[in-house]
Amino acid sequence: MSKLDYNVVMFTDTHSHIHFSNEFPDIEQIILRAQESKVSRQIIVGCTPHDSLVALEFVKKYADKNFWSTLGVHPHNADECTEDILKKFTQIVQENSKIVAIGEIGLDYFRNLQPKDLQQNAFRKQLELALKLNLPVVVHIRDAWDDALEIMKSVGNTKVILHCFTGQIEQAKIAWASGYYLSFSGVLTYPKNDYLREIAAQSPADKVLIETDCPYLTPQPYRGKRNEPAFVVETAKELAKVRNISLDDAANLTTENAKTIFGIS
């Protein structure tokens, strides 16, 4: 990829929670700092049925911004993934072009706030919904790689974003073979994570994304502070370093990938 003019290069935060009003009471300043840092696009990710609606309303409120949102039930809230909710999600998607994915969904056996069978059922049903609606899925996996990968394989989803990827090389290879996208967060910048930087270096160029997961997972230069979309540039810097490309190219690469998988302009 040729050197690009940084003045026209923009970053994309593919996993943002700036609709969390308690965490972001200074939302106007947050949005301004993102714009000043050339973070021009954000995917606002829902975590529960209610939170997904809040995310959508947030995107509608800032209709002049390049914001899109998702609908999903996080594994921590798997008991809320009812048939009525799935029907409601279907209707919302059909009525709103700003919904670009089903997520955040998945399995979390680390905190294990819901029974595993309930998590798996909610995960499977939402994967099936995404297939029906022809949408990508934003997937959260923690200490549940074998089950999550097997369920996705059995359902047949190919438009998959592995949010905040922290798996090992074995899981990365399965993801690459399946055509999944790996999304790297501020965790990529943490000193101890050489293994993750090696995975980021080896990942197929057309399947790499960056995200903040703000307000969580603040990149190393800002550790101890609340994360925000402007800080996704730090993850892009680390990605550029390990892939031996310019920051401009890292921005352009990950933005083009985001535009492809989410179908955004």
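The values are calculated or read from the model by the stated rules, or taken from the named source; none is laboratory data. Remember, predicted model here, so these are calculated numbers, not experimental data. A quick note on method: Cβ atoms are made from the backbone with ideal geometry, for glycine too, and the neighbour counts reach across all protein chains shown.
Observations on the structure shown:
- Any hit, the stretch 96-112, residues being out of contact with any helix residue (DSSP H, G or I) (no Cβ under 7 Å at 6 or more places or on another chain), in a helix (DSSP H, G or I) and modelled with pLDDT of 95 or more: no
- Residues satisfying the stated conditions in the stretch 50-76, i.e. hydroxyl-bearing (Ser, Thr, Tyr) and surrounded by fewer than 23 Cβ atoms within 10 Å (Cβ to Cβ): TYR62
- Looking across the stretch 14-49 at every residue that is assigned to a strand (DSSP E or B) and more than 12 Å from the chain's Cα centre (by Cα), the one that is surrounded by the most Cβ atoms within 10 Å (Cβ to Cβ) is identified as VAL39.
- Members of the stretch 138-183 that are part of a loop (DSSP other than H, G, I, E, B) and closer than 17 Å to VAL208 by Cα: THR158, LYS159, HIS163, CYS164, PHE165, THR166, GLY167, GLN168, GLY179, TYR180
- Of residues in the stretch 191-242 being of a type in the set (Gly, Ala, Ser), in contact with a strand residue (DSSP E or B) (Cβ under 9 Å, 6 or more places away or on another chain) and part of a helix (DSSP H, G or I), the one surrounded by the most Cβ atoms within 10 Å (Cβ to Cβ): ALA236
- The one condition in (1) within 14 Å of SER21 (Cβ to Cβ); (2) touching a Ser or Thr at 6+ places or on another chain (Cβ under 6 Å); (3) basic (Lys, Arg) that LYS61 fails to fulfil: (2)
- In the stretch 155-176, the residue that is farthest from TYR109 (Cα to Cα) out of those that are free of Cβ contacts under 8 Å to residues at least 24 places away in the same chain and surrounded by fewer than 15 Cβ atoms within 10 Å (Cβ to Cβ) is THR158.
- In the stretch 243-265, residue nearest to ARG41 (Cα to Cα) [restricted to those that are surrounded by fewer than 16 Cβ atoms within 10 Å (Cβ to Cβ) and modelled with pLDDT of 95 or more]: LYS259
- Close Cβ contacts (under 8 Å, 6 or more residues apart or on different chains) running from residues in the stretch 22-33 that are touching a residue at least 24 places away in the same chain (Cβ under 8 Å) to residues that are small (Gly, Ala, Ser) comprise ILE30/ALA230; ARG33/ALA230.
- The set of residues from the stretch 229-254 being polar (S, T, N, Q) and within 21 Å of TYR216 (Cα to Cα) comprises THR235, THR254.
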